[in-house]
Amino acid sequence: MPGPVIWHGHITFGLISVPIGLVKATERGTTTLRLVHTADGCLGRIRIRKVCELDDQALAEHQIGRGYETPSGIVPLTDADLDNLPITTAHAIELVAAVPADRIDPRQIGAGGYYLAADNSTATARPYTLLVRALQRRSQVAIVKYAIRGDRERLGMLRPLGDALVLNGLLWHDEVRDIEHDIAPAPADVDEGELAAALELVDTLSADELDDIPALTDRYARALAELVDAKVHDRELAHPSEPPQRGQLVDLMAALQQSVHAARARRA
């Protein structure tokens, strides 16, 4: 089984149980900025220390555990305690429903993803493959519940990716804020010519897969390196042109037509 496996358990659907391990499907790709002491040009690194509030002792990670606060004090809980909660989802990812993917509220989808890794034994491979094929055949995703040393049962979305299963966390409905009445502006009048131009722009930008979009790259690290180089060598940094500011009058049709032309040129 590939690793590192961060949790061992089962995926259960109906009376079928398949042993699996969770493997992270994502990794952080951000550029690291250091916290530094800026006063008087010191620039020393700022370290975040985890300190016990009772004895003021700085603690290493292996000295830190979890506890549940009660009126009479804190009850310590070990990883073994949390792995043995009296709920089925402490050891299993429980399939509770299957729905079309487009019925999932996009606000609920979490950024983290996990592969459900399984071994090649017949007892594991056949039911795992059956679940993959069934979801593919129906073009659906599975809604699951699981509890992995968290503060509550979690909701998740299980979907096939090739021959594998991928788990994404979902937020519960009480974790999603309702849309406030003033989020969107009042509907404005648009004519058919403007709508046709907007549709042409959308069609020009359309792609079947994310991998087909050449501009879909993170440019932050490169821009940050250019900024640092400019500061080190005391030179001006070239900036991209600013978008139209609020209050500026924009010929919407002309802007749409120019956008379509630019998008076609980039594709060519």
Fill in: Cα-Cα pairs of the range 10-157 separated by more than 28 Å (percent)
44 percent
Practice prompt. Please give the per residue volume of the convex hull enclosing the alpha carbon atoms of the range 109-196, rounded to a whole number of Å³.
Written response: 170 Å³
Worksheet, complete the sentence: Once both label points are put 7 Å beyond Cα along the C-beta direction, the LEU59-ARG28 separation in nm becomes 2.1 nm
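To make sure I understand, if each residue's beta carbon is the centre and we count other beta carbons within 10 Å, what order do MET253, MET157 fall in, fewest to most?
Working: MET253 14, MET157 20.
Neighbour counts put them in this order, fewest first: MET253, MET157.
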Worksheet item: Can you list, bin by bin at 5 Å, the percent of alpha carbon pairs in the range 45-126, starting at 0?
Response: 3, 8, 9, 13, 14, 14, 13, 11, 8, 5, 2, 0
Discussion item. Once R0 is set to 41 Å, what does the formula 1/(1 + (r/R0)^6) return for the Cβ-Cβ distance between ASP191 and VAL99, expressed as a FRET efficiency to the nearest 0.05?
Written reply: 0.60
Worksheet entry | Calculated P(r) of the range 192-267 - Cα pairs past 19 Å, % | 59 percent
Item to complete: Can you spot the lysines whose alpha carbon is less than 24 Å from LYS145's alpha carbon? Ignore those fewer than 8 places along the same chain.
Response: LYS24
Worksheet item: Assigning unit charges at the beta carbon (Lys, Arg +1; Asp, Glu -1) and nothing else, what dipole magnitude in debye, to the nearest 20, does the chain show about its Cα centre?
Response: 980 debye
Worksheet entry | Contour excess over end-to-end distance, with Cα ends at VAL176 and ALA230 and 0.36 nm allotted per residue | 15.2 nm
Item to complete: With springs connecting C-alpha atoms under 10 Å apart, model the chain as a Gaussian network and identify which of ASP212, ASP81, ASP102 has the largest mean-square fluctuation.
Response: ASP212
Worksheet item: Looking at HIS239, ALA197, LEU216, which one has the Cα that reaches farthest to the positive end of the dipole of the range 192-267 (charges on Cβ: Lys, Arg +1; Asp, Glu -1)?
Response: HIS239
Practice prompt. Kindly rank 84-97, 170-183 from highest to lowest mean number of other beta carbons found within 10 Å of each residue.
Written response: 84-97, 170-183
Discussion item. 7 Å from Cα along Cα→Cβ at both LEU35 and THR78: what's the point-to-point distance in nm?
Written reply: 3.3 nm
Worksheet item: What ranking of ARG267, ARG159 emerges when the number of other C-beta atoms within 10 Å of each C-beta is taken as an exposure proxy, fewest first?
Response: ARG267, ARG159
Practice prompt. Round to the nearest 0.05 the FRET efficiency obtained for GLU209 and ARG107 when R0 = 22 Å and r is the Cβ-Cβ distance.
Written response: 0.40
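Which shape class, rounded, prolate or oblate, goes with the chain when its Cα gyration tensor gives a ≥ b ≥ c as root eigenvalues, a/c under 1.5 marks rounded, and past that a/b bigger than b/c marks prolate?
oblate
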Worksheet item: Highest GNM mean-square fluctuation, the chain, Cα pairs closer than 10 Å: which of GLN136, GLN63, GLN257?
Response: GLN63
Practice prompt. Could you pull out which residues in the range 8-33 have an amide N less than 18 Å from a spot 7 Å beyond the Cα of ASN120, following the Cα-Cβ vector?
Written response: 19-21
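Since every read-out is calculated from the coordinates, none of them should be taken as a lab result. Small disclaimer: the values here were computed from a predicted structure and weren't measured. Glycine also receives a Cβ, built like all others from the backbone with ideal geometry; neighbour counts cover every protein chain displayed.
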